[in-house]
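Asker: One structure coming up, written as structure tokens, with questions to follow.
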Amino acid sequence: MSDEIIEYYEIKIKKMETEIRRLKSILNEGKRESELIEYYEIVEDRMARDIRRLKHVILEKNKKIKFLELEEKKKNDIVENKLKMTDFDDCIEGVVERFGQEYIICYNKIKVIEKLMVDMECSYNEAIEFYEFNQLGSWVGDSTPCFIDKDPQLIEKLKEDSF
């Protein structure tokens, strides 16, 4: 149970204790039975509304929990079943979701090229050539990773040309 629900119940208990004290005082004053019945009906209506509200809160929280569990399962499936480039984990940008297709790992193109330059001790052009032929040009099925180019100029150009 979440802290909010526990706190809510603690408040309700305090209110009920106050209501009990009030009822005892009504009885001690010898008030009429009809007033007491009317009071009980009002309290009963309030409690019914509170119960409906609590049921709604619990239903919404259960929906959220189920959604989070499904998301966690998706993430675990992604990690377990996806093709990854060896030694390029630090270049992973995220996961790409496509309608009707598997999730795929997305690498940052610039980070991959920079890593190639360092690891292979090569020039930018040599790293680009290696990247284009061995990584970008490699197709190993529907789980083949993709690459994102986060060049700000390219992004601005795409935004300008949008329809």
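The values are calculated or read from the model by the stated rules, or taken from the named source; none is laboratory data. Keep in mind the model is a prediction, meaning the values are calculated, not measured. Every residue, glycine as well, gets a Cβ built from its backbone with ideal geometry; the counts of neighbours run over all protein chains shown.
Asker: How many residues, within region 80-101, are of a type in the set (A, V, I, L, M) and in a loop (DSSP other than H, G, I, E, B)?
Answerer: Residues flagged as of a type in the set (A, V, I, L, M) and in a loop (DSSP other than H, G, I, E, B) within region 80-101 amount to 2.
Asker: Moving on. Quick check: is even one residue across region 62-79 at pLDDT below 75, assigned to a loop (DSSP other than H, G, I, E, B), at negative phi and out of contact with any strand residue (DSSP E or B) (no Cβ under 9 Å at 6 or more places or on another chain)?
Answerer: The answer is no; no qualifying residue exists.
Asker: Quick check, is TYR103 among the hydroxyl-bearing types (Ser, Thr, Tyr) and touching a Cys at 6+ places or on another chain (Cβ under 7 Å)? Show your work before the answer.
Answerer: Details: among the hydroxyl-bearing types (Ser, Thr, Tyr): yes; touching a Cys at 6+ places or on another chain (Cβ under 7 Å): no.
The answer is no for TYR103.
Asker: Is it true that some residue in region 119-128 is closer than 17 Å to PHE147 by Cβ and part of a loop (DSSP other than H, G, I, E, B)?
Answerer: No, there is no match, as no residue in region 119-128 is closer than 17 Å to PHE147 by Cβ and part of a loop (DSSP other than H, G, I, E, B).
Asker: Still on this structure, please answer the following. Enumerate the pairs (first residue in region 83-97 and in contact (Cβ under 8 Å) with a residue 24 or more places away in the chain and under 13 Å from GLU114 (Cβ atoms); second residue anywhere and surrounded by 16 or more Cβ atoms within 10 Å (Cβ to Cβ) and charged (D, E, K, R)) with beta-carbon separation below 9 Å, excluding pairs fewer than 6 apart on the same chain, so at least 6 apart or on different chains.
Answerer: Matching pairs, first to second residue: PHE88/LYS111; PHE88/LYS115; ASP90/LYS111; ASP90/LYS115; CYS91/LYS109; CYS91/LYS111; CYS91/LYS115.
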